[in-house]
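The values are calculated or read from the model by the stated rules, or taken from the named source; none is laboratory data. Computed from a prediction, not measured in an experiment: that's the story for all the values here. Quick reminder, even Gly has a Cβ in these numbers, built from the backbone with ideal geometry, and neighbours come from all protein chains shown. These area figures cover heavy atoms from the full protein model, side chains too; ligands, DNA and RNA do not enter into them. Shrake-Rupley method; radii C 1.70, N 1.55, O 1.52, S 1.80 Å.
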Amino acid sequence: MRISVIGCGYLGAVHAASMAELGHDVVGIDVDRKKVDALSEARTPFYEPGFQELLSRALASGRLRFSTDVADVAGAQLHFLCVGTPQKRGEYAADLRHVEDATESLIGVLGAGELVVGKSTVPVGTAARLAQLVADKVPGALLAWNPEFLREGFAVQDTLHPDRLVYGLPPGEDGDRARALLDEVYAPIVDRGTPQVVTDYATAEMVKTAANSFLATKISFINAMAELCEATGADVKLLADAIGYDDRIGRKFLNAGLGFGGGCLPKDIRAFMARAGELGADQALTFLREVDNINMRRRIRMVELAREVCDGSLLGKRVAVLGVAFKPDSDDIRDSPALNVAAQLQLQGAVVRVTDPAAIGNSRREWPQLDYADTAEEAAERADAVLVLTEWKQYRDLDPVAFGEVVARKRVLDGRNALDRDAWTAAGWAYRALGRRAG
Ligand code: UGA
């Protein structure tokens, strides 16, 4: 099929290359000339395992190209909307400017019989509004909502092997037509027996925000347990293991630590609360405010813990921060708990040296005042305390004996409960973690 992908950020770029991998003829459109140039030359604008290979393969096949001109979508039957929906400045609600601009510009070149497929995370009610706009301006064109559930770090795998396909469709024959086009574009995924949920616009939009809210709630639940563990001397890691054996609960997303960040979970739960308020159903989601609060408290607690281990004062203390991305295998620092803690430590007088295998460039642009190092050893040289804030494999695998040689004081704060406590304490380190007794 000939398809277009509007918006070539994280979601769109991976989606465009993945659709070419499935055999489609794809044009990716973005307003950012630099991004388009980079992608066209097989340079990836962000760090994502497997994406570089996928992009190079797709470009070499001749089935993928990028452009800044929306008129280049001409001839495509299906147009994926993959633009971002960030949090509005100073408000909880989502900023739909990019979705609206992209739809408007697409409408200018859209033909009858073509299908617009929304993938961006939007407040419930958006799809119905956009569908009306499309129908008014381009009779015979259709709109479907097909939320995306990819995780950063697993974006390629999640796009090519999703665990479900959700289609939000218009009623009646229009819906049948839209479904046939979606089944055709996803044919290899559908043929594999991937579960499909075929529904209306509102349900499809809500599936996405409900899923992210549930994940955020699960993380904050275990972090609330961590707070109680700190008050009682219990161990949150063992607690998570034990409750996780119950398959109704499950062990995934029960890792206590610094909590969630990134470009999705925090802004999605806030946008969901804002939308519920507009709909007069705000009481249904007041618990998400607590989920958000618990999450943000972990960052404050981490700074306190660092102060505690630095003998009650951060002033002039040399602190090494290992990991600044919001999660491992990513260079994304949007609402990164690790960067937030590093910045707070620095603002409170510590001399902070930060390292990360992928996110230093992004972090340096955002927080140039922090000191950056290329390796964990360099960051930790003569440090008074080492904080592991993103659980990259290379930090989990550090040899505590050799690493102990570079620091001034062997004090480690495990912000992600990712280190082997016994090995670190055996090597003479004072070990502290959120929700666990000191080792
Ligand atoms: C999240 C969802 O997991 C995806 O399904 C969704 O498609 C995506 O948002 C989106 O809306 O686009 P992502 O932001 O890539 O994906 O990251 P997650 O893997 O969900 O992790 C989010 C945060 O939670 C990270 O900061 C991570 O460190 C933290 N986390 C995760 C924990 O603190 N504990 C856990 O047990 C798991």
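Of all the criteria given as (1) under 15 Å from PHE154 (Cβ atoms); (2) surrounded by fewer than 20 Cβ atoms within 10 Å (Cβ to Cβ); (3) in contact with an Asp or Glu (Cβ under 9 Å, 6 or more places away or on another chain); (4) of a type outside the set (D, E, K, R), the one not satisfied by GLY50 is (3). For LEU110, the requirement of being modelled with pLDDT of 95 or more, more than 15 Å from the ligand (Cβ to nearest atom) and in a loop (DSSP other than H, G, I, E, B) is met.
Scan the stretch 332-342 and give yes if some residue there is open to solvent by 50 Å² or more (accessible area, probe 1.4 Å), over 19 Å from PRO266 (Cα atoms) and either within 16 Å of the ligand (Cβ to nearest atom) or over 18 Å from the mean Cα position of the chain (by Cα) (or both), otherwise no. There is no residue in the stretch 332-342 that is open to solvent by 50 Å² or more (accessible area, probe 1.4 Å), over 19 Å from PRO266 (Cα atoms) and either within 16 Å of the ligand (Cβ to nearest atom) or over 18 Å from the mean Cα position of the chain (by Cα) (or both). Within the stretch 408-439, the set of residues being under 23 Å from ARG298 (Cα atoms) and surrounded by fewer than 16 Cβ atoms within 10 Å (Cβ to Cβ) comprises ASP420, ALA430, ARG437, ALA438. Filtering the stretch 249-289 to residues that are among the aromatic types (Phe, Trp, Tyr), within 12 Å of the ligand (Cβ to nearest atom) and under 25 Å from LYS237 (Cα atoms) leaves PHE253, PHE260.
Any residue at all in the stretch 221-237 that's among the β-branched types (Val, Ile, Thr), at pLDDT 95 or above and under 25 Å from VAL166 (Cα atoms)? No; the residues of the stretch 221-237 include none that is among the β-branched types (Val, Ile, Thr), at pLDDT 95 or above and under 25 Å from VAL166 (Cα atoms). Looking at the structure I just gave you, is GLU91 of a type in the set (Asp, Glu), part of a loop (DSSP other than H, G, I, E, B), open to solvent by 50 Å² or more (accessible area, probe 1.4 Å) and on the phi < 0 side of the Ramachandran plot? Here the answer is yes, as GLU91 does meet what is asked.
Listed here are the residues, each with its yes/no results for (1) outside any strand (DSSP E or B); (2) buried (at least 17 other Cβ atoms within 10 Å of the Cβ); (3) of a type in the set (S, T, N, Q).
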site: VAL5; (1), (2), (3): no, yes, no
site: LEU11; (1), (2), (3): yes, yes, no
site: MET19; (1), (2), (3): yes, yes, no
site: ARG57; (1), (2), (3): yes, no, no
site: ARG65; (1), (2), (3): no, yes, no
site: ALA76; (1), (2), (3): yes, yes, no
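The number of residues in the stretch 136-151 being of a type in the set (Val, Ile, Thr) and either in contact (Cβ under 8 Å) with a residue 60 or more places away in the chain or in a helix (DSSP H, G or I) (or both) comes to 0. Among the residues making up the stretch 253-301, none is among the hydroxyl-bearing types (Ser, Thr, Tyr) and open to solvent by less than 10 Å² (accessible area, probe 1.4 Å).
Listed by first and then second residue, the pairs linking a residue in the stretch 43-57 that is assigned by TED's automatic domain parsing to the domain that holds ASP158 to a residue that is open to solvent by 40 Å² or more (accessible area, probe 1.4 Å) and of a type in the set (Lys, Arg), with Cβ atoms under 7 Å apart and 6 or more places separating them unless they lie on different chains, are PRO45/LYS35.
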